[in-house]
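What follows is calculated from the coordinates using simple rules that are stated; it is not laboratory data. Bear in mind the structure is a predicted one, so any value in this text is a computation, not a measurement. Positions of Cβ are backbone-derived with ideal geometry, glycine not excepted, and every protein chain shown enters the neighbour counts.
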Amino acid sequence: MQEIQKSKNLSIAIGELNTLEVMRDTDYGYFLEAKDGKEVLLPNVYVMEDEMPMGSLLDVFVYTDSEDRPVATTKMPYAKLGEYGYFTVVDYKSYGAFVNWGLPKDLFVPLSQQKEHFNIGKKYVLRICLDEQTGRLYGTQKIGKHFNRDMKGLHQNKVLDSIVIAKTPLGYKIVADNQYEGMLFDNEIFEELRIGDRKKVYIKSVRKDFKLDCSLQPIGKKAKINEAEATILQLLKEANGTLPFTYKSDAEQIQKVFGMSKKNFKRTLTELIESKQIQLSDDGLTLL
C-alpha cells in the first residue's frame, strides 16, 4: 500500500491539528515551522529525538500556554476547535471556571459563557471556541448560536457522529457532526444513554426549524434488517460462533446484548435463518 504523503501546514492554526516541520533544536525544545515561516515551540517533554529528526514532519496540536504564547504538543485534547466535549470542572474563580480537557493547561470557561453556576467535580458539555483578538481557546456552554442552519446535503439515513448533550421529556438532545442540533426519541432508544456519550446516528428527517430528528438505527425496514443482521453476525463471530439466544429470550437481555428491540431481533433471526447464515436450536444461535 502506498503511504500517503503528509503536507506541511500553510500557517499555524491554534486549536487544530497541525503538520509542521522540525527546524531547530534549542535548550527549550524543538521549533516547528509552517510554510509561511512562522514557528512554534514543541517543549522538551514532548521531544523524542530518534523519532523526530530535523526536517521531518510532525502532527501536533497547537494552543496557548500560561503566558498566552502558542505552544505545540503531541498530546491530543478531548476536543479541538469547533468540536464538543464533556468536561470536568477542576477549578472555579470569580471570573470563570477551568475544566480538564486532556492537556497540561486546563481550558478556561469565562463566566459570560456559562448558562449556570459551575461546580468543581461536575461535568458539562462545552464547545471549544477561539478568541480571535487574543488567540486564546475557551469553552462555552452557550452553544445555540453555533448551530448550522444550512441543511444542504442532509438526507434520510445519512450517518453522522454525535454527542449526547441533554435529557428532555421526549428523549435526548444531541449535536450531530459538531454543527447540527438534533433529537433522539425515547421510544426508539434500545440501549442506555448518558450525557456525553458519542454515538453514530442516522438522520430520520430534516425539520423546517433547522433541527434533525435522528435515530440510533437506520431508517426503513430493509436498512434496519441489514444493520441488525451485521450486529448479530459480528457478535456471533466474537463469541466463537454460538450465543444462548432464541425467539423466547428476555427482551431486556436482547436490548442489552444486541442493542435492539425484541421485535427487531426476532425479525432479523428469521431473515438470517432463511438465508442459511445461522442455525437456531433450543440452546441458542449457531453461526453456519
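Structural remarks
- Grouping the Cα pair distances of the chain into 10 Å bins from zero gives a pair-distance distribution of 6, 22, 22, 22, 18, 9, 2, 0 percent in increasing distance order.
- Listed pairs Lys75/Lys199; Lys38/Lys93; Lys204/Lys256; Lys211/Lys266 exceeding 25 Å between Cα atoms: Lys38/Lys93; Lys211/Lys266
- Pairwise centroid distance, computed over Cα atoms, of region 274-288 with region 136-197, Å: 38
- Most fluctuating residue given options Gln141, Gln253, Gln114, as computed from a GNM of the chain linking Cα atoms under 10 Å: Gln253
- Shape category assigned to region 17-73 from the gyration tensor of Cα positions, a/c cut at 1.5: oblate
- Percentage relative contact order, the chain, counting C-alpha pairs under 8 Å, at least six apart: 10
- Dipole check for region 1-80: with +1 at the C-beta of Lys and Arg, -1 at the C-beta of Asp and Glu, and the Cα centre as origin, the magnitude is about 300 Debye.
- Extending 7 Å from the Cα toward the beta-carbon at both Thr19 and Lys237 defines two label points whose distance is 3.1 nm.
- Evaluating kT/(6 pi eta Rh) at 20 °C and 1.002 mPa s, with the Kirkwood radius of region 31-137 over Cα pairs in the Stokes-Einstein relation, gives 140 µm² s⁻¹.
- Three-way shape label, region 84-144, alpha-carbon gyration tensor, a/c 1.5: rounded
- Sorted ascending by nearby beta carbons within 10 Å, beginning with the fewest, Lys248, Lys80 become Lys248, Lys80.
- Rounded to the nearest whole angstrom, the semi-axes of the ellipsoid equivalent to region 181-243, taken from the Cα gyration tensor as √(5λ), stand at 27, 15, 8, largest first.
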